[in-house]
Amino acid sequence: PLILTYYHTDNSTDITAKYENRASVDVNINGASGKADLKLSSVTAEDNKRFECRVQIPKDDKGKLVDTARLTVLVAPSKPICEIQGTAEYGQNINLTCYSKEGSPTPTYKWDSRDVSNMPRVADPRTTDKGGILSLYNISKDTSGYYTCTSSNKIRSASCNITLSVMPPSLKISSTAIIAVAIAIAVLILFIIIIYCCCCRKKNKDEEYAMGVHEGEYENTEPLRKDESGPTYVEGSTQGHDDSSVSKPANRRDNYEERSERSYDGRSDYDDRRSDYVDRRKDYDRRNDRDDRRSDYDDRRSDYDDRRNDRRSDYDDRRNDRDDQRSKNSDRHERYDDDRRYDDERRNNNRRDPRYDDDRYNDRNRP
């Protein structure tokens, strides 16, 4: 877009609204320099572009009328964004991307890799690093680790980290499988609830049946008929009737009373069985109590035997010690007696008369 236009004839300048108060021109045509310098203030990253200078001289088209200049606004790179493109599974190819939204001149990117033990490692020969995109081919468990991308230009540098975990394909659970499992669990829970409700309803009906006949059970009930033209046989009746006959109220009451008696007898049998079960349970509990007491008695008896054996062993040890001490005393007495006999013999020898030592009194030397 046009920034400004300078008119030499009247020494005036037209500046567009976008660069108002930011752009100016310093013209020195008649002097030795012959230059027109464009000055911009408060530059931003948007001013990082190529500018063109065009000269128009009436009736003069010789020489170079147009020239360009590149303005580079230095902007430090922003913190890069690291992402994984692809599926991190065994045998797959993935890309690790790194990009800084800001930075002038355009930042350069460099990837560094460390293994799961956070130790530096040499990159695979097939790995490529170009324009902030690190391409990994046929990844495996050894590809897992920590990756760092550094974005830098003439101002400074910034970095981002990413952790890569390569998993086997069998460990991947898709969203469809999760939804299917959730639906199956919901259906199973609903089925269990339906079965529980049916069981409760059946139990309530059985209890009502055990307590007696429902009201109106025998109302509007026709008697059993043998055939259309023959007599009708009713339970408890010995006479036949035609099709227009109905059962007597007395027979209904008898049937109801008989049904009630059977229900009462069944309830009594249930109570008796329940009472027997409670009695057997009490007997079983008492038996368990006896077993527990017997176990406690055995434990105490075992402890008593252990203590008795320990005391017996201590007694035997002390007795052996006394016997050893007695044997030592006997040895000392024997040595003392030997020394005493030796001293007595020596004293007796010293007391002998020296006359008896003369050869005259030696009978062996006589002729």
Could you list, in sequence order, the residues of the stretch 96-131 that are among the polar types (S, T, N, Q) and under 30 Å from the mean Cα position of the chain (by Cα)?
S113, S117, N118
Test of understanding: among D314, D343, D279, D363, which residue is open to solvent by less than 80 Å² (accessible area, probe 1.4 Å) and modelled with pLDDT under 85?
D343
Go through T72, T97, T150 for me and flag whichever is open to solvent by less than 80 Å² (accessible area, probe 1.4 Å) and not in a strand (DSSP E or B).
T72
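Table: residues versus (1) over 28 Å from T106 (Cα atoms); (2) of a type outside the set (D, E, K, R); (3) open to solvent by 70 Å² or more (accessible area, probe 1.4 Å); (4) assigned to a strand (DSSP E or B).
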position	(1), (2), (3), (4)
T9	yes, yes, yes, no
T13	yes, yes, no, yes
N21	yes, yes, yes, no
V27	yes, yes, no, yes
A36	yes, yes, no, yes
K39	no, no, yes, yes
F51	no, yes, no, yes
K62	yes, no, yes, no
Which condition from (1) assigned to a loop (DSSP other than H, G, I, E, B); (2) open to solvent by less than 60 Å² (accessible area, probe 1.4 Å); (3) over 26 Å from C160 (Cβ atoms) is the one that P77 breaks?
(3)
Looking only at residues in the stretch 163-183 that are under 17 Å from I94 (Cβ atoms), within 20 Å of the chain's Cα centre (by Cα) and at pLDDT below 90, which one is least open to solvent (accessible area, probe 1.4 Å)?
P168
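The values are calculated or read from the model by the stated rules, or taken from the named source; none is laboratory data. Here the structure is a predicted model, which is why all the values come from computation and not from measurement. Backbone-built Cβ (ideal geometry, glycine too); neighbour counts: all protein chains shown. Note: accessible area is taken over every heavy atom of the protein model, side chains too, but ligands, DNA and RNA are not part of it. Shrake-Rupley method; radii C 1.70, N 1.55, O 1.52, S 1.80 Å.
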